[in-house]
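Right, one structure below, let's go through it.
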Amino acid sequence: MGRLIACQKPMKTKLWILIPVALLIGVAPAIRLQRAQMNRLRHPMSWFSGPLSVSASVVPTTSVKRGDLTLTVTARGELLGGHSEMLTAPMTGGSDMVITILRTPGEVVNPGDVVAQLDTTEQGFKLKEAEADLAEAEQQVAQAQAESDAKEEEDRYALLQAKADLRLAELEARRNELLAAIVARQNELAVEAGRDRLRQIEQDLANRKATSQASILIQQEARKKAQVKADIARKNIEMMTLRARSGGYVAVQQNTNGMFMFGMQPPLFQLGDTVRAGMGVAQIPDLSNWEMTARIGELDRGHLSKGQPAEISVIAIPGKRFGGQVKDLGGVSGPPWDRHFDCKIAIDKPSPELRPGMSAMIVITTEVLKNVLWIPAQALFESDGRTFVYALNADTFLPQDVKLARRSESQVVIEGLPEGRKIALASPDQQDKKKAGPGGAMKAMQK
């Protein structure tokens, strides 16, 4: 028994030593393979030292073609009425407004019809408050005017009294030659006092009149201020009723209030939604002047210009195509990995079947090149400032540099390859990885 225990201890020690060694031996090839793949992804040209040993049957191929090439730009867009009438929430200077009435999308309206109604509770309260202030200001003006008239009447009576007293004093002074010296002197003093009093009353009358006029003007300005507030409130209430100025279909706008995740489609406005001042609530397209808007990739921005012809296919009207031309090109926007720009297409000879919001495909002819070499865009690769293709040589692919002459979203014009040369449509290295599959690392470990 003691011998058996002594033999088991060395066996356990050997197992603990052999397990880590076996793991290192098995993992080392996988680590080397992973490092090699990372180097290939970072420097696709630097790792290459010979032909790629990938079967030509695994990699899709195409051939370099020569001929006349029509460069086109294809995009998906949406129909809109040209010169559309946008109904926006008014600049009321208050908080958000609630939609209380809203026509359904696609509903037909005539000029003057109510398309949407915003809640006027706040503006109605402001109107009542302004009207109350206006009534009070009018009463203040009337009171100031009455007080001014009363004071003016008192001052006129005081002036007449002063003139009469002065006239009596002057009449008494005419008898000074017949009176004693002391009485004559008293009459002269009475005349001087009467003249001073008349002069003082005349000055006071002018000052009081100016003061009364200033008081009346102040009350009138207060009345004007209240009148302006009432007019603004009435105008805001009127503007909060959104009416159609022309006939057509109602296109309800998207509600961009609230929080939305990237890629989410904002919903359309509904009853009870809140809108901010200046936001578009609904749109009335001009059905006699149709347009189409589309978002096109940044790569095709330099190939488009105003006036270029376009062919439009409306998805809801199969078998019918409309002609058009590029009307306007917007600025490029979006994240660095997804840069786009808006393009407007004016539709020639629209038909009555068209409706706002219909989806359509456009094909814009940008240029026609004569007798050029071209390949599909996915067959061209770029790395470290080099432009190359994978050319088929026997049963292997070799990277070969080419010169890029013109590029579109689906086709590129090149120089440096003969006509008919077979090239890969995908990276042979990536095809090799797909062929290896997820068990490639385990196969390498088994080898």
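The values are calculated or read from the model by the stated rules, or taken from the named source; none is laboratory data. It should be emphasised that the depicted structure is a prediction, and the values quoted were computed from it without experimental measurement. With ideal geometry, Cβ positions are generated from the backbone for all residues, glycine too; neighbour counts draw on all protein chains shown. Accessible surface is based on the protein model in full, side chains and every heavy atom, while ligands, DNA and RNA are left aside. Shrake-Rupley method; radii C 1.70, N 1.55, O 1.52, S 1.80 Å.
Given Cα pairs under 8 Å that are at least 6 residues apart, what percent is the relative contact order of segment 301-423? Don't skip to the end; give the middle numbers.
Details: 195 pairs, mean separation 23.6, N = 123.
Value for segment 301-423: 19 percent.
Expressed as a whole percent, the accessible surface of segment 111-267 that belongs to carbon and sulfur atoms is 54, based on a 1.4 Å probe.
Running Debye on segment 76-215 with equal point scatterers at the Cα sites and no solvent, what base-10 log of I(q)/I(0) appears at q = 0.09, 0.17, 0.22 Å⁻¹? With one equal scatterer per Cα and no solvent, log10 I(q)/I(0) is -0.61, -1.02, -1.24.
Each residue, residue 214 and residue 308, gets one label point 7 Å from its Cα in the Cβ direction; the gap between the two is 7.3 nm. A quarter of the convex hull surface defined by the alpha-carbon atoms of segment 347-398 gives 8.4 nm² as the mean projection.
Using a 1.4 Å probe on the protein heavy atoms, what percent of the accessible area of segment 292-388 belongs to carbon and sulfur? Solvent-exposed carbon and sulfur of segment 292-388 make up 51 percent of the total. Spatial offset of segment 302-381 relative to segment 143-199 amounts to 99 Å, using the alpha carbon center of each.
Using the Cβ of residue 422 as centre and a radius below 15 Å, the other residues enclosed give a net charge of +1, where K and R count +1 and D and E count -1. Distance between the modelled labels on residue 66 and residue 227, one decimal in nanometres: 8.7 nm (7 Å Cα→Cβ projection). The accessible-area ordering, largest first, of the residues 107, 172, 85 stands as 172, 107, 85, per a 1.4 angstrom probe. With all protein chains in place and ligands, DNA and RNA left out, the 1.4 Å accessible area ranks 408, 288 as 288, 408, largest first. Two numbers describe the Cα atoms of segment 92-135: Rg and Dmax, which are 14.7, 46 Å.
Please label the shape of segment 260-319 as rounded, prolate or oblate, based on the square roots a ≥ b ≥ c of the eigenvalues of the alpha-carbon gyration tensor (a/c under 1.5 means rounded; beyond that, a/b larger than b/c means prolate, else oblate).
Details: a/c = 2.06, a/b = 1.59, b/c = 1.30.
Prolate.
Per-residue Karplus couplings for segment 239-249, computed as 6.51 cos²θ - 1.76 cosθ + 1.60 with θ equal to phi - 60°, are listed in order as 6, 6, 9, 8, 10, 7, 8, 9, x, x, 9 Hz, Gly and Pro entered as x. Computed from the Kirkwood radius of its Cα pairs, the Stokes-Einstein diffusion coefficient for segment 294-338 at 37 °C and 0.692 mPa s stands at 262 µm²/s. Label zone (residue 271, point 7 Å along Cα-to-C-beta; backbone nitrogen cut-off 17 Å) within segment 111-145: 114-120.
The convex hull of the Cα atoms of segment 135-209, projected and averaged over all directions, covers 5.1 nm². Each of residue 197 and residue 180 was given a label point 7 Å from its Cα along the Cα-to-Cβ line. The distance between the two points is 2.4 nm. Beyond 19 Å, the tail of the calculated P(r) for segment 170-249 holds 70 percent of the Cα pairs.
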